[in-house]
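Written below as structure tokens is the structure these notes are about.
Just so you know, all these numbers are worked out from the coordinates, no wet-lab data involved. Remember, it's a predicted structure, so these values are computed and weren't measured experimentally. Virtual Cβ from ideal backbone geometry, glycine too; neighbours counted across all protein chains shown.
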Amino acid sequence: MRSFLGLANYYRCFIEGYSKITTPLTNLLKKGNNAFNQVKQVMTRDPVLALLDYLKLYKVRMDASNYVIRGVNMQDEHPIAFESRKLIETERRYMI
């Protein structure tokens, strides 16, 4: 499981909500088969990302909760890249 998460972490910027999906796996490696299967599904689907056109404007949308922060780079309402990470214990005490 740890080696799978290491591989999946390499592709995290291409998966929307990656930290939210993998949090059960990192917290309880013995449990969370649903999250494991969900990560496998999103990694094996056709790509949904587009290439960034530097001549056009783009939007960055961010979202935060009590345990993850995530964002998406959008251009013409199509995702270009996703960012997602789990907050460390100290960051969880910050105001959202």
Fill in the blank from the handout: The farthest towards the positive end of the charge dipole of the chain, of the residues Tyr54, Asn27, Gln38, given +1 on Cβ of Lys and Arg and -1 on Cβ of Asp and Glu, is Asn27
Fill in the blank from the handout: Only helices counted: for the chain, with every DSSP H run of 4 or more residues adding -39500 (n - 2.57) and the sum spread over all residues, [θ] at 222 nm is -10000 deg cm²/dmol
Problem - Potential extension, Ile69-Thr44 segment - 0.36 nm per residue separation minus Cα distance - result: 6.6 nm
Exercise for the section: For segment 49-95, report the translational diffusion coefficient in µm²/s to the nearest whole number, using Stokes-Einstein at 25 °C, 0.890 mPa s, and a Kirkwood Rh over Cα pairs. Expected result: 206 µm²/s
Fill in the blank from the handout: With R₀ set to 22 angstrom, the calculated FRET efficiency between the beta-carbons of Arg85 and Ser3, to the nearest 0.05, is 0.65
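Find the Cα radius of gyration of the chain, compare it with 2.2 N^0.38 Å by division, and give the number to two decimals.
Numbers: Rg = 14.6 Å, N = 96, 2.2 N^0.38 = 12.5 Å.
Cα Rg divided by the expected 2.2 N^0.38 Å: 1.17.
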